[in-house]
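S.K.: Below are the structure tokens for one structure; questions will follow.
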Amino acid sequence: MTDAMERWSNEDVALVDLIDRVIGGGVVLTGDVVLGVAGVDLVYLGLRLVLAPAHEVEQSVVLGRRSA
Amino acid sequence: MDETIVHAYGVVAANEPFGGFPAGIADTRVWVHDVEDLGAIVGFLPAEGFGVADWERNAANVGWLEPVARRHDEILQYAASTGDVVPLRLPSLYRNLESLGDTVRAAGDRLERALRRIEGKLEWSVKVYRGIKEEDPPASEGAVSGRDYLLSRSRDLSAKAAAREQLADRAQEIHEALGHASAEYVRNQPQDAALSGRSEPMLLNGAYLVRRADQHRFLQLADEIADDARAMGLLVEVGGPWPTYNFTGDVEATTRQVIR
């Protein structure tokens, strides 16, 4: 590993980064049991709302911003 | 045997030397299931606990979802350390291996294209934040009249706005400079401060598809950029390497980025 690679190597992957990629990215394959794309969107949106309080932000503030 | 469901992590080319996977979701075994010229990285999960109903029930339950998402990513990280893998988005459930096989066959052309697109490449993320230490314009000391005060206040504000604009332009320049060192690059919506837990505003949330052979060069460039940017009051954070989540060739993946 080079110095530059060490400096930036993945140690703690933040949940928000993980969710953005694992649920916000990647190939969608629709199979007979896979939740529909709308369902996936709901998962994604729902999680983004739920994640916020984990960072000690008042939920009402976040929810208010969403519905604005 | 209890009822199981198939979880697919990613897609690789068949007959590639993928193996020795660490334990997957719920500590289950992970292997490559060949489907013609492709291979799906799969595992059996208990249908009770990881089925569609569980997804619906736990979709917004971080306690349930986080370990699933982390294991999904870990398996893909492991695969990406061995060779080329197209990551699948969660949730990725199939009734059984036959059902998964049908799905992979039906999407065969698309998956082959996705594999070619990311061949020999990995993803890096670069985020740029505006430092919070933005010096507040000093309260105009010698302001004698209300008019003078307002004038100087408005000058301060427009100077502040100009400085912000300059930093936003710099973030775009950083994105393009890194993009030139990449095979492809994409700018995603900045993460909400509430979600990132960062008080600094995010000016750039970029993803870069970088050839494995060019990673050293890319990271050295990122290093130089980070050092230069710091002098301007910008914080640059680099993360990776990631499986190529942002470069799967899916229309859906692109549209998803605008959802906040």
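S.K.: Would you tally the residues in region B:30-68 being without any contact (Cβ under 8 Å) to a residue 24 or more places away in the chain and within 21 Å of B:THR103 (Cβ to Cβ)?
M.R.: Qualifying residue count, region B:30-68: 6.
S.K.: Would you confirm whether or not region B:90-102 contains a residue that is assigned to a strand (DSSP E or B), at pLDDT 85 or above, hydrophobic (A, V, I, L, M, F, W, C) and surrounded by 13 or more Cβ atoms within 10 Å (Cβ to Cβ)?
M.R.: yes
S.K.: With the condition kept exactly as written, say whether any residue in region B:64-77 is outside any loop (DSSP other than H, G, I, E, B), out of contact with any Asp or Glu (no Cβ under 7 Å at 6 or more places or on another chain), of a type in the set (A, V, I, L, M, F, W, C) and at positive phi.
M.R.: Within region B:64-77, not a single residue is outside any loop (DSSP other than H, G, I, E, B), out of contact with any Asp or Glu (no Cβ under 7 Å at 6 or more places or on another chain), of a type in the set (A, V, I, L, M, F, W, C) and at positive phi.
S.K.: Quickly run through region B:173-204 and pick out the residues that are modelled with pLDDT of 95 or more and among the polar types (S, T, N, Q).
M.R.: Answer for region B:173-204, where residues must be modelled with pLDDT of 95 or more and among the polar types (S, T, N, Q): just B:SER182.
S.K.: Something else: Based on what the data block shows, is B:ALA194 within 14 Å of chain A (Cβ to nearest Cβ), on the phi < 0 side of the Ramachandran plot and in a helix (DSSP H, G or I)?
M.R.: So B:ALA194 passes the test.
S.K.: Of the numbered conditions (1) of a type outside the set (Asp, Glu); (2) within 12 Å of chain A (Cβ to nearest Cβ); (3) surrounded by fewer than 20 Cβ atoms within 10 Å (Cβ to Cβ), B:ALA213 satisfies every one except a single condition; which is it?
M.R.: (2)
S.K.: Scanning region B:46-65 for residues that are touching a helix residue (DSSP H, G or I) at 6+ places or on another chain (Cβ under 6 Å) and surrounded by fewer than 21 Cβ atoms within 10 Å (Cβ to Cβ), which turns out nearest to the other protein chains (Cβ to nearest Cβ)?
M.R.: B:ALA60
S.K.: Considering only region B:70-122, how many residues are at the interface with chain A (Cβ under 8 Å from one of its Cβ atoms), in contact (Cβ under 8 Å) with a residue 40 or more places away in the chain and not polar (S, T, N, Q)?
M.R.: Here the count works out to 14.
S.K.: I'd like to know if region B:222-244 contains one or more residues that are more than 22 Å from A:ILE19 (Cβ to Cβ) and within 14 Å of the chain's Cα centre (by Cα).
M.R.: No: zero hits.
S.K.: Sticking with this structure for a sec: Looking only at residues that are surrounded by 20 or more Cβ atoms within 10 Å (Cβ to Cβ) and free of Cβ contacts under 8 Å to residues at least 24 places away in the same chain in region B:192-210, which one is farthest from A:VAL13 (Cα to Cα)?
M.R.: Filtering first and then ranking leaves B:ALA194.
S.K.: OK, next. Considering region B:14-44 alone, what residues qualify as being β-branched (Val, Ile, Thr) and in a strand (DSSP E or B)?
M.R.: So in region B:14-44, the residues β-branched (Val, Ile, Thr) come out as B:25, B:28, B:30, B:32, B:35, B:41-42.
Residues satisfying the conditions are B:VAL32, B:VAL35, B:ILE41, B:VAL42.
The values are calculated or read from the model by the stated rules, or taken from the named source; none is laboratory data. Every value quoted in this text rests on a predicted model; they were computed, and no experiment measured them. Note that each Cβ is placed from the backbone with ideal geometry, even for glycine, and that neighbours are counted across all protein chains shown.
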